[in-house]
Amino acid sequence: MDFEIIVSLLTLVALEAVLGIDNVIFISIIAAKLPEEQQKKARKYGLILAGVLRLVLLLLISFILKLDEDLFVLFGNGFSGKDLVLLAGGLFLLYKSATEIYYKMEGETGDQSKNIKVTSFGQVIVQILIMDMVFSIDSIITAIGMVKEVWVMYVAVIVTVAIMLFAAESISNFVNRHPAFKMLALSFLLLIGFSLISEGFGVEIPKGYIYFSMAFSLLVDVFQMKMNKSGGDPVAIHEHYVAEEDKKKSN
């Protein structure tokens, strides 16, 4: 197997796992509103639904990416269905990552948690399904921006969902202890978004440059984490979904 494919697969899985923590937190919070005997089943169904939705979206977008015929010409540049998807995806990632970075630094903690209201198992599944769709969009666009081979995207999605099913709590605890990794992942989305826009205009940035930039940044973060022996509390970034929100209200 090509070394670049292995690197792209491992990088994509790691990035999807970190970015998918918000989805896991949401599923856990909304499942916690059910009777205890139904919570585990709701969490399991929620993560499986997230994986299925990602695979379906990948199938649809993969079909669109085969549309190479120019639909129109603007300023001497021809734009196909594929180019429009890349441009739209790149702009979406830039917007999503920039707003999330701003929110986590200056937003209101638990703003989405306050709006979660459910009364039955069916309502929980419907709400999880809707939010899975929202979370899946940036996940799929990220996959498209990082790799060319569709099968690698499918494998990455399946592996990520499997990891979340068995190690979601461990990953969540690590990211909460080291929020710099979450901010770094959002910064990677900015880079991927720019590369998609560039490719949409016909200028393809070699994926090796992107992988090197991400690997170097991650390595610096790891070294800083290892060298920091102070053991001080990390910066408390704001999150949309806060598990303690209901407890605070009841106190």
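Taking Glu169 as the residue in question, decide whether it is of a type in the set (Asp, Glu), open to solvent by 50 Å² or more (accessible area, probe 1.4 Å) and in contact (Cβ under 8 Å) with a residue 24 or more places away in the chain. Spelling it out, it is not the case that Glu169 is of a type in the set (Asp, Glu), open to solvent by 50 Å² or more (accessible area, probe 1.4 Å) and in contact (Cβ under 8 Å) with a residue 24 or more places away in the chain.
Can you name every residue in segment 199-222 that is without any contact (Cβ under 8 Å) to a residue 12 or more places away in the chain and not aromatic (Phe, Trp, Tyr)? Val203, Glu204, Ile205, Pro206, Leu219, Val220, Val222, listed by residue number.
Residues of segment 108-119 that are among the charged types (D, E, K, R) and either surrounded by 15 or more Cβ atoms within 10 Å (Cβ to Cβ) or outside any helix (DSSP H, G or I) (or both): Glu108, Asp111, Lys117. Among the helices (runs of 4 or more DSSP H) contained in segment 120-232, which hold 1 or more residues that are within 14 Å of the chain's Cα centre (by Cα), of a type in the set (Phe, Trp, Tyr) and closer than 22 Å to Val85 by Cα? Filter on segment 120-232 gives 121-146, 179-200. Note on segment 66-100: among residues that are open to solvent by less than 90 Å² (accessible area, probe 1.4 Å) and among the β-branched types (Val, Ile, Thr), the one that is nearest to the chain's Cα centre (by Cα) is Thr99. Of all residues in segment 23-50, those satisfying the criterion of being surrounded by fewer than 20 Cβ atoms within 10 Å (Cβ to Cβ) and within 16 Å of the chain's Cα centre (by Cα) are Ile48, Leu49.
The values are calculated or read from the model by the stated rules, or taken from the named source; none is laboratory data. Here the structure is a predicted model, which is why all the values come from computation and not from measurement. All Cβ positions, even for glycine, are placed from backbone atoms using ideal geometry, and neighbour counts span all protein chains on display. In case anyone asks, the SASA skips ligands and DNA or RNA and just uses the protein heavy atoms, side chains included. Shrake-Rupley method; radii C 1.70, N 1.55, O 1.52, S 1.80 Å.
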